[in-house]
Amino acid sequence: MSLPTTRKPRRPEPHPGATSTDDFLGGRLSIVQPRKGHRAGSDAVFLAAATPPRAGERVLDVGAGVGVAGLCLLARVPGIELIAVEIDPALATLAAANAKRNGFAQRFEIVAANLKSPGKALRAAGLVPGSYHHLIANPPFYDEGTVREAPDAARAAAHVMDPGGLAAWMRFLASMAAPNALLTLIHRPDSLGELLALLDGRFGDVAVFPLFPKKDEAATRIIIQAKKGSRVGISLLPGLVLHEDDGRYTAQAEAILRHGEALGLRPAKEKGRRLGG
């Protein structure tokens, strides 16, 4: 006779529109985001940490979601203006509410728009080509057909790129960038070849910064930073190890995620290894 088993009750699925409130930067930011679908995490924090704007500059956050990356930047750098672009109107509404909730409404603007829209429509939405000093992006990581798409449409859209989508993102980013503007984006390492090809002729002085889960493990993310119109080559930087062997964050990762410290790619650039040199 078999012994009875005790099963944990299944958690009920969150109803559409359900949200949670999550802390970022050790509680400096309080972010409302959907319980179901795409949820912001450490990628957005590292993306913001790697971006070095100065007071008086304009930053364009493309694919902003609920605004976490942009709000992390506003929390760290006084005097900048952040314009966020998000295709999903529900997420755009949450981003605006999160800016207000955290006291950044005066320096945060959200534009609900599709970056593939014609230039006339983008201008009508308030997006001015060639006018942004910094551009940040966390594009969908996977090509259509390469992974099983999530049943939730918003989550699928945030993770799966339609055919030619990454090229469209790069065209949009290049068109919006001011001369010598810096583009900073986070992506998967196996997309590096495609990203470098799309940057070629638009951005140069490319810095590639890997994020390693643990020491001696392969990188699972790369941060790429490049300058509009530069003809300087590519630098491969040492990168950052995120976790100790016991799973704790390393001291540098903790400083970024919990205390909002910057991740300086440009000062460390000379330590990188020139590809092809």
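The values are calculated or read from the model by the stated rules, or taken from the named source; none is laboratory data. On a predicted model such as this, the values are computed, not experimentally measured, just so you know. Note: ideal-geometry Cβ built from the backbone for every residue, glycine included; neighbour counts use all protein chains shown. Each accessible area value is taken on the protein alone, full model and side chains, heavy atoms only, with ligands, DNA and RNA left out. Shrake-Rupley method; radii C 1.70, N 1.55, O 1.52, S 1.80 Å.
Condition test on Ser191, is it in contact (Cβ under 8 Å) with a residue 40 or more places away in the chain and surrounded by fewer than 20 Cβ atoms within 10 Å (Cβ to Cβ)? It is true that Ser191 is in contact (Cβ under 8 Å) with a residue 40 or more places away in the chain and surrounded by fewer than 20 Cβ atoms within 10 Å (Cβ to Cβ). Here the condition is being at pLDDT 95 or above and buried (at least 16 other Cβ atoms within 10 Å of the Cβ); of Ala150, Ala99, Ala105, Ala154, it holds for Ala99 alone. Condition check for Glu254 on (1) closer than 14 Å to Asp43 by Cα; (2) touching a Leu at 6+ places or on another chain (Cβ under 9 Å): one failure, at (2). For the range 80-96, filtered to residues that are of a type outside the set (A, V, I, L, M) and within 21 Å of Leu166 (Cβ to Cβ), the residue that is most open to solvent (accessible area, probe 1.4 Å) is Asp88. Scan the range 211-225 and tell me whether some residue there is among the small types (Gly, Ala, Ser) and on the phi < 0 side of the Ramachandran plot. Looking through the range 211-225, at least one residue is among the small types (Gly, Ala, Ser) and on the phi < 0 side of the Ramachandran plot. The set of residues in the range 233-256 being of a type in the set (A, V, I, L, M) and either assigned to a helix (DSSP H, G or I) or over 17 Å from Pro52 (Cβ atoms) (or both) consists of Ile234, Leu236, Val241, Leu242, Ala251, Ala253, Ala255, Ile256. Selection of the range 203-229 for residues being assigned to a loop (DSSP other than H, G, I, E, B), more than 16 Å from the chain's Cα centre (by Cα) and surrounded by fewer than 17 Cβ atoms within 10 Å (Cβ to Cβ) yields Lys215, Asp216, Glu217, Ala218, Gly229.
Going through (1) within 19 Å of Leu47 (Cβ to Cβ); (2) open to solvent by 30 Å² or more (accessible area, probe 1.4 Å); (3) assigned to a loop (DSSP other than H, G, I, E, B) one by one, His133 falls short only on (3).
Determine whether Pro140 is under 15 Å from Ala44 (Cβ atoms) and surrounded by fewer than 20 Cβ atoms within 10 Å (Cβ to Cβ). Considered against the rule, which asks whether it is under 15 Å from Ala44 (Cβ atoms) and surrounded by fewer than 20 Cβ atoms within 10 Å (Cβ to Cβ), Pro140 comes out as yes. Any idea which residue in the range 48-59 is most open to solvent (accessible area, probe 1.4 Å), counting only those that are among the hydrophobic types (A, V, I, L, M, F, W, C) and either farther than 17 Å from Tyr132 by Cα or in a loop (DSSP other than H, G, I, E, B) (or both)? Selected residue: Ala55. All of (1) farther than 22 Å from Ala178 by Cβ; (2) in contact with a Gly (Cβ under 6 Å, 6 or more places away or on another chain); (3) assigned to a loop (DSSP other than H, G, I, E, B) hold for Arg39 with one exception: (2). If you go through the range 172-188 and keep only what is assigned to a strand (DSSP E or B), open to solvent by less than 10 Å² (accessible area, probe 1.4 Å) and under 16 Å from Ala50 (Cβ atoms), you end up with Ala181, Leu183, Thr184, Leu185, Ile186, His187. Of all residues in the range 230-251, count the ones that are surrounded by fewer than 18 Cβ atoms within 10 Å (Cβ to Cβ), under 14 Å from Ser42 (Cα atoms) and in contact with a Ser or Thr (Cβ under 9 Å, 6 or more places away or on another chain). Total satisfying the criteria: 1. Every listed requirement among (1) open to solvent by 20 Å² or more (accessible area, probe 1.4 Å); (2) in contact with a helix residue (DSSP H, G or I) (Cβ under 8 Å, 6 or more places away or on another chain) is met by Val62 save one, (1). Test Val77 against the stated conditions and say whether it is open to solvent by less than 40 Å² (accessible area, probe 1.4 Å) and either within 14 Å of the chain's Cα centre (by Cα) or among the acidic types (Asp, Glu) (or both). Answer is no for this residue.
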